[in-house]
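Derivation of every value follows stated rules applied to the coordinates shown; laboratory data play no part. As the structure is a computational prediction, the values presented were derived from the model and not from experiment. Cβ sites come from the backbone with ideal geometry, for glycine too, and all protein chains shown count toward neighbours.
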Amino acid sequence: MLGSKSPSERFGEVVLPHLADALALARWLTGNVDDAEDVVQEACLKAFAGIETYAGGNARAWLLTIVRNVFYTWLARNRPRGLVITGDLADLDELSAAPEAGVADPDGPEAELIAKADTAALEAAISRLPPPFREVLVLRDVNGLSYREIAAMLGLPLGTVMSRLSRARGLLMSELGSER
Amino acid sequence: MSAGEALPTNPTDLRLLVQALADGELDAATSLALERRMAEEPALAAEYARVVALQAAIGSLPRPQVSGEFRARIASLAGEDKAAVAPMKYRFGSYDWRALAASILVTAVVASGTTYWATRRSGQDEFVADIASSYQRSLIAASPVDVASSDSHTVKPWLDAKVGMSPPTVDLSKDGYVLLGGRVEVIGNKPMPALVYRLRKHLITVVAAPQGPGTVATPVAKDVSAGGFSIVHWTDGAFSYWAISDIARSELQDFVTRFRAAVAAG
């Protein structure tokens, strides 16, 4: 039963198993491992304080949501003047929904070329993605959340999640394909 | 039936479907249609191969290691040993910004706390009124439950799947309260799990709201009423409960006592 366990026991069961996932998300949000550890630590403090409000369901998605919220607080504190999201998000989604060149383009990079891309080039390409695209890509391909979980977490329609993901992957593919 | 009859013709939508296939998000019928289409269109198949290759490449990127030291630090957050947490590293910008952020935060908390305190009563009254009107609707509806089962092991996972949470579901049949099933209540725009029990010809609905930061702990069951129904409210564990029925208040109190005892014995 949920109620019969102490908060620290629940913390051990709900939060600790997902530390690696939390750290992986924070690493891509903040851009480096040291900041990621700070963000995850803050998130875990919040998770512990709010452990009574965790009411079952996907513990990983619950923790990752907290990590993401803490990251945005951290960002505001850390880089008060840094423009992270440029332009209007609505424009961004319009852009990503617009028909693009390279849709099933036979001239697109070969799958083998993408598979052979070296780690550093791929990491650099992911870092260069616009944050709203990168966030969706990381939640899907690094953290393995489903479309629905991502939509619920970001408060976005499913279609927006799908088009951002598609756009993020399209950008990565064309970058990796051009680096010969 | 030609392959891809059910597929969109718009290339952008088709591209999204290819991604969804690679992500395992398509149902069997659409997957089949798309696979047939890809067999006919090499360009589409190449797109799929690219997505899969990219996923594999991202999947094989090194992930940050959770060091033993870091894990211990996090584990100690929950322990009694608070001293270990004290030397928290701050790489957050300059001191001035922290102080400013902190003061803004304090102001915001105080201000929103005051607003919250000022509006809380009416908020809770509204919540109770919502519960009463949903209960009234459930009495009129063809079925008071969305999932009909007297087996708590059926009701709990169903609620979990629908609303992502479920309260402890206890069997009280030996006390005369038959579990009819569960339903999803929407109270204040939030979906919440509800259990439905029957006593003789009367229905008792137990709405379980997850305890949030604004929840007032109510360990001792409290009588409320709205719309002419008896309502008993209490908090236990992760949930804030509201039991509502048209039976006499003393009987509802008795139900709540048994429900809570069964949950505690869980």
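Points to keep in mind about this one:
- Sum of side-chain charges, B:VAL207 neighbourhood, beta-carbon under 10 Å (Lys, Arg +1; Asp, Glu -1): -1
- Label positions at B:ASP27 and A:ALA124, each projected 7 Å from the Cα along the C-beta direction, are separated by 4.5 nm.
- Global size of region B:197-266 as Cα Rg and Dmax, reported in angstrom: 11.8, 38
- Distance between the modelled labels on A:GLU110 and B:THR154, one decimal in nanometres: 5.7 nm (7 Å Cα→Cβ projection).
- The Stokes-Einstein estimate for region B:1-66, based on a Kirkwood radius over Cα pairs and taken at 4 °C with 1.567 mPa s viscosity, is a diffusion coefficient of 101 µm²/s.
- Over every Cα atom in region A:128-180, the radius of gyration and the widest Cα-Cα span, Dmax, amount to 11.4, 39 Å.
- Of B:LYS162/B:LYS190; B:LYS162/B:LYS222; A:LYS5/B:LYS156; A:LYS46/B:LYS222, pairs whose Cα-Cα distance is over 23 Å: B:LYS162/B:LYS222; A:LYS46/B:LYS222
- Full-stretch length increase - B:THR107, B:ALA39 - with 0.36 nm per residue and alpha-carbon distance subtracted: 18.3 nm
- Peptide B:11-23 has a mean shielding of 5, counted as Cβ atoms of other protein chains within 10 Å of each residue's Cβ.
- FRET efficiency for B:ASP254 and B:VAL52, using Cβ-Cβ distance with R0 set to 35 Å, rounded to 0.05: 0.05
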